[in-house]
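Derivation of every value follows stated rules applied to the coordinates shown; laboratory data play no part. Here the structure is a predicted model, which means the values were calculated and not measured. Neighbour counts run over all protein chains shown; Cβ positions are idealised from the backbone, glycine included.
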Amino acid sequence: MTTFSIKGLHVDRASIPVIRGIDLQAGSGEISVVLGSNGAGKTTMLESLSGIIPAKSGSIALDDRQLLKLRAGARAKAGLSHVEQGRTVFSEMTTEENLKVALHPDADLKEAYDLFPELLQRRDVKAGMLSGGEQQMVVIARSIVNRPRVIMIDEMSSGLAPVIVSRLMRAVRQLADDGMAVVLVEQFAALALAIGNRAYVLRRGQVVYDGGCEALAKDPAHLHKLYLGDAAA
Ligand SMILES: Nc1ncnc2c1ncn2[C@@H]1O[C@H](COP(=O)(O)OP(=O)(O)OP(=O)(O)O)[C@@H](O)[C@H]1O
């Protein structure tokens, strides 16, 4: 069992406070869905958790281990994986070469292909020739080859057709069911809430909702108000 636990996280960008005291948790087998309007701070939060940008203060713990002071590489070694926005594949390399880029010598690709069997048929195709959905599959599959304990996924659905988004959501659910702790930043709120366990809504760098996904999914008016904040009052 893994518990990824964030407490009192503060992050500045260009000396401006962007994340202002966030608490968040994800455990093995759980998807913690993070929602919020543009600029709420979702990407900044993930980047500070994986160590791409520094956090100003707070606690980032993987079980009993404190990660705050570790560099990005050490956090990855400790079991954190971050699927960044933008679906970055190596276009001139095949699907399989893309999957092997980060592979440890003792790891194999079985889990990657089990998660997305559709990639098996595309293994020798250059990644630049794949569809947007297939490229997203490659990026997610590449992030699990070294068996992370926590996977953080940023806006995987951006620009994809709803049928592909549903397919990706099923795969993310499978990762959690296989024991990973998942932090899922999403714009497609309804689809994410349908597969998630805990939900967090961020507004201006703070958590304005922390509760079950099911309750929020059943109350779209509440969700709307949480997004808009004072403007909806
Ligand atoms: N490199 C940067 N330098 C300075 N400020 C930044 C930088 N990146 C983001 N910001 C600011 O930080 C705030 C949060 O941005 P962030 O991208 O984390 O939000 P988000 O919730 O992920 O939004 P979106 O859904 O649009 O991606 C915004 O006000 C943004 O302008």
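Each of ARG170, ARG204 was scored by other Cβ atoms within 10 Å of its Cβ. Arranged with the fewest first, they read ARG170, ARG204.
Which order results if SER50, SER5 are arranged by neighbouring Cβ count within 10 Å, fewest first? Spell out each step's value before the answer.
Numbers: SER50 20, SER5 16.
By the 10 Å Cβ count, ascending: SER5, SER50.
The alpha-carbon of LYS218 sits under 18 angstrom from the alpha-carbons of these aspartates and glutamates, leaving out residues fewer than 8 places away in its chain: GLU186, ASP210.
Would you mind telling me the antiparallel percentage of the DSSP bridges in the chain, rounded to 5?
Working: 23 of 40 bridges.
About 60 percent, rounded to the nearest 5.
Distance between the 7 Å Cα→Cβ label points at ASP114 and GLN85: 3.3 nm.
Which of the GluC sites (Glu not before Pro) across the range 72-101 are loop residues per DSSP, with 16 or fewer other Cβ within 10 Å? Numbers along the way, then the final one.
Details: sites: GLU84, GLU92, GLU96, GLU97; in loops: GLU84, GLU92.
Here the sparse-neighbourhood loop sites are GLU92.
Within the listed set MET152, MET93, MET137, the residue fluctuating most in the Gaussian network model of the chain (springs between alpha-carbon atoms under 10 angstrom) is MET93.
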